[in-house]
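Below is one structure; the comments refer to it alone.
All of the numbers you see were taken from the coordinates with simple rules; none came from a lab. Note that the structure is a prediction, hence the values are computed from the model and not measured. Don't worry about glycine lacking a Cβ; one is built from the backbone with ideal geometry, like all the others, and counts go over all protein chains shown.
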């Protein structure tokens with residue numbers, strides 16, 4: 001009967017060669033057992049329908065697992081990734097930063113060079129991540145299938161078995177909303193970044209031009225560096241306050257009402273200094289303004305609108321962050 | 001009475017959700033007893049379809065697509081042995097418990113008796129609470 005043969009074929013073609021013949025023979029005899037002496041095609045169809053999808057049947061004959069990383073090695077897999085991925089990323093960043101800095105000839109503008117290097121680093125980090133993930137997954141999938149122990153026990157994770165004594169080392173955080181150390185470090189990095197930009201604005205911020213199709217070159221600064229630097233007492237005060245805030249955050253470890261208040265006050269002061277500086281007409285390099293209005297036909301109202309949007313954006317972000325911080329401080 | 005009202009409100013909330021959850025619990029429950037049910041019928045040699053019929057007669061519903069692979073797995077684990085009988089018009093593969101399989105079956109049977117006893121006690125206790 002053609003249908004029976006087709007069904008048997010559909011099952012066995014999905015199975016390893018050596019077991020095919022035996023399973024085919026058994027299946028055939030089983031299907032015929034289900035039928036009466038003089039069976040009709042409908043009867044065959046009913047019997048095969050009872051056996052179900054041949055792909056499903058073949059899958060249950062196969063002992064091979066239907067997953068890539070099984071529960072036996074999953075723990076070790078995740079642990080290994082957590083240990084290696086940050087290092088892989090760090091090493092990639094360091095290597096490509098060094099290569100990039102060594103290759104800096106000084107012909108290009110600094111900002112253009114920095115942006116290009118960032119691009120290279122990000123691309124390489126993504127590539128390394130894919131390599132690491134791919135190879136670890138392959139290796140662990142193989143380990144899972146080879147199964148050295150035959151016990152079905154999860155692979156040892158290298159840690160001693162848990163005991164109640166371990167609890168003595170656990171520190172219960174008094175508040176739910178802890179400040180991650182990373183958050184504090186990020187704050188410090190941000191302060192450092194704008195400090196560098198502030199003191200080097202005369203060759204970082206301004207107009208860039210592509211010269212003869214080559215890299216971008218710095219043409220003229222946006223600010224009058226003298227006027228900009230004349231604000232140094234206020235800026236230094238802000239740097240000091242932000243640094244103190246980072247240290248305070250790191251030490252406190254969680255949000256308190258006092259910390260949230262200090263955070264908000266410093267942000268308001270920072271925004272105030274920024275707005276005062278930005279509204280100083282002497283701050284801007286007249287040559288830059290002239291070339292800017294030459295290259296782009298901008299009505300005066302556009303600049304006014306831009307100004308309003310920046311003020312509103314700063315105000316809204318300060319309010320949202322303050323609200324969030326106070327909420328975290330109140331919540332136990 | 002209490003349990004009826006509870007299930008009524010649940011079914012109002014979403015019958016499909018309820019029944020699919022129930023089904024997955026039942027499948028899990030049945031899967032655990034499957035090996036024992038099959039082993040219990042293999043003291044005498046059986047071929048695939050005769051085993052299906054015996055189990056069905058006893059009210060044990062088992063998918064054939066589950067049973068045949070299970071038999072092969074039991075053979076691989078050394079619990080049953082198989083042999084082809086070609087004397088009749090249709091060749092059939094017979095499975096029967098090995099000595100090792102018999103041992104495992106006896107152990108499992110004892111465990112089952114112990115478990116049912118424990119659960120019967122638990123469930124009876126629950127009934128008494130409801131009657132209060």
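Could you order the peptides A:219-228, A:161-170, B:80-89, A:76-85 from most to least packed, using the average number of other C-beta atoms within 10 Å per residue?
Descending mean neighbour count gives A:219-228, A:76-85, B:80-89, A:161-170.
Compute the FRET efficiency between residue B:60 and residue A:68 as 1/(1 + (r/R0)^6), taking r as their Cβ-Cβ distance and R0 = 56 Å, and round to the nearest 0.05.
Computed FRET efficiency for residue B:60 and residue A:68 comes out at 0.95.
Distance from a point 7 Å along Cα→Cβ of residue A:123 to each backbone N in the range A:215-255: keep the residues under 17 Å and list them by number.
A:215-216
Report, in deg cm²/dmol and to the nearest 500, the calculated mean residue ellipticity at 222 nm for chain A, where each DSSP H run with n ≥ 4 adds -39500 (n - 2.57) and the sum is divided by the residue count.
Computed mean residue ellipticity for chain A: -23000 deg cm²/dmol.
Write down the radius of gyration of the range A:71-160 and its Dmax, each obtained from C-alpha positions, in Å.
Cα only, the range A:71-160: 19.2, 64 Å (Rg, Dmax).
Working out 0.36 nm times the residue gap between residue A:324 and residue A:145, then minus their Cα-Cα distance, what length gain in nm do you get to one decimal?
Separation in residues times 0.36 nm, less the Cα-Cα distance, equals 59.6 nm.
Calculate the mean, over all residues of peptide A:20-27, of how many other protein chain Cβ atoms lie within 10 angstrom of the residue's Cβ.
Mean inter-chain Cβ contacts per residue within 10 Å come to 3.
Using 7 Å Cα-to-Cβ label points, what is the residue A:302/residue A:102 separation (nm, one decimal)?
4.6 nm
Given the options A:279, A:36, A:97, which has the most mean-square fluctuation in a GNM of chain A, springs set between C-alpha atoms less than 10 angstrom apart?
Top of the fluctuation ranking is A:36.
What does a probe at residue A:138 reach in the range A:85-99, counting residues whose amide N is under 19 Å from the point 7 Å along Cα→Cβ?
In the range A:85-99, the label zone of residue A:138 (backbone N under 19 Å from the point 7 Å along Cα→Cβ) covers A:85, A:88.
Taking 2.2 N^0.38 Å as the expected size of a compact globular protein, what ratio does the Cα radius of gyration of the range A:181-330 give against it, to two decimals?
1.25
Give the calculated FRET efficiency between residue A:316 and residue A:130 to the nearest 0.05, with a Förster radius of 60 Å applied to their Cβ-Cβ distance.
The formula returns an efficiency of 0.95 here.
Using a 7 Å offset from the Cα along the Cα-to-Cβ direction at both residue A:195 and residue A:9, what is the distance between the two label points in nm, to one decimal?
7.7 nm
Hey, what's the Kirkwood Rh for the range A:2-61 if you take every pair of different alpha carbons, in angstrom?
11.7 Å
In vacuo Debye scattering of the range B:34-131, one point per C-alpha: log10 I(q)/I(0) at q = 0.11, 0.15, 0.18, 0.25 Å⁻¹?
Debye output, listed in q order: -0.42, -0.67, -0.86, -1.31.
I need the calculated FRET efficiency for the pair residue B:123 and residue A:38, taking r as the beta carbon distance and R₀ as 41 Å, to the nearest 0.05.
0.25
Rounded to two decimals, what is the ratio between the C-alpha radius of gyration of chain A and 2.2 N^0.38 Å?
This ratio for chain A stands at 1.69.
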